[in-house]
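Asker: So that we are looking at the same thing, I have put the structure below in structure tokens.
Values quoted throughout were computed directly from the atomic coordinates according to the rules given, and no laboratory measurement underlies them. On a predicted model such as this, the values are computed, not experimentally measured, just so you know. Glycine also receives a Cβ, built like all others from the backbone with ideal geometry; neighbour counts cover every protein chain displayed.
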Amino acid sequence: MFPNRIRISKGASDQLKLIKQRTGVTPNVLCRMAIMLSLKRDSVIKRSDTKLDGLEFNISTLFGEYVPLYECLLRQFHGALEQKEFEVLLAAHVDDGIMVLKAARSLSDLTHLR
């Protein structure tokens, strides 16, 4: 089960602020996009490298009514996880997906990311 709050890395937080300035898209929506891009890329996620020293989100703010969907997707990719593992894994996926998102210079650029 997801924790009630998750924290992401400082680096991802800084990138989210920059992307928000460029595109006007809020950090919670950008996090959702980053997680999906990371899952799509099927990257090897390094959980141990992720520091949780950045922005903190309520899980309901981050995923809204789709919390069960995101939980199922992560379980499908990573198997059964403890609550703390979910937090670190989500932060790692945000870090990974931000690498793709940071190329966006405008809202239009976000619609063309793959």
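Asker: Which residues' amide hydrogens lie under 5 Å from the amide hydrogen of residue 55, considering only partners 5 or more residues apart or on another chain, with H built in the peptide plane?
Answerer: 8, 13
Asker: Let me ask another. Of 44, 25, how do they rank once you tally other Cβ atoms within 10 Å and put the fewest first?
Answerer: Sorted ascending by nearby Cβ count, the order is 44, 25.
Asker: Per DSSP H run of at least 4 residues, take -39500 (n - 2.57); add these up for the chain, divide by its residues and hand me the 222 nm value, nearest 500 deg cm²/dmol.
Answerer: Theoretical 222 nm ellipticity from helices: -19000 deg cm²/dmol.
Asker: Here is a further query. Looking at segment 26-112, which GluC sites (Glu not before Pro) are in a loop (DSSP not H, G, I, E or B) and have at most 15 other Cβ atoms within 10 Å?
Answerer: 82
Asker: HN-Hα J couplings of segment 32-41 from phi, Karplus 6.51/-1.76/1.60, θ = phi - 60°, integer Hz, Gly and Pro as x?
Answerer: Each residue of segment 32-41 in turn: 4, 4, 4, 4, 5, 4, 5, 5, 5, 5 Hz.
Asker: Same structure, new question: Calculate one ³J(HN,Hα) per residue across segment 4-16 by plugging θ = phi - 60° into the Karplus curve 6.51 cos²θ - 1.76 cosθ + 1.60, and present them in order as whole Hz with x for glycine and proline.
Answerer: Running phi through 6.51 cos²θ - 1.76 cosθ + 1.60 with θ = phi - 60° gives 6, 9, 10, 10, 10, 6, 5, x, 5, 4, 5, 5, 4 Hz.
Asker: Among 78, 112, 93, rank each residue by its count of other Cβ atoms within 10 Å, from fewest to most, as a rough exposure measure.
Answerer: By the 10 Å Cβ count, ascending, the order reads 112, 78, 93.
Asker: Quick one: order 72, 31 by neighbouring beta-carbon count within 10 Å, fewest to most.
Answerer: Ranking 72, 31 by Cβ neighbours within 10 Å, fewest first, gives 72, 31.
Asker: For the chain, set up a GNM with springs between Cα atoms under 10 Å and report which of 64, 11, 54 has the largest fluctuation.
Answerer: 64
Asker: Then there's this: Restricting to Cα pairs below 8 Å that are 6+ residues apart, what does the relative contact order work out to for the chain? Please round to a whole percent.
Answerer: Here the relative contact order equals 49 percent.
Asker: Among the aspartates and glutamates, which have Cα under 18 Å from the Cα of residue 17 when same-chain residues fewer than 8 positions away are ignored?
Answerer: 53, 56, 95, 96, 109
Asker: Can you compute the charge dipole magnitude of segment 2-93 about its Cα centre, using +1 on each Lys and Arg Cβ and -1 on each Asp and Glu Cβ, nothing else charged? Give it in debye, rounded to the nearest 20.
Answerer: Approximately 300 debye in magnitude.
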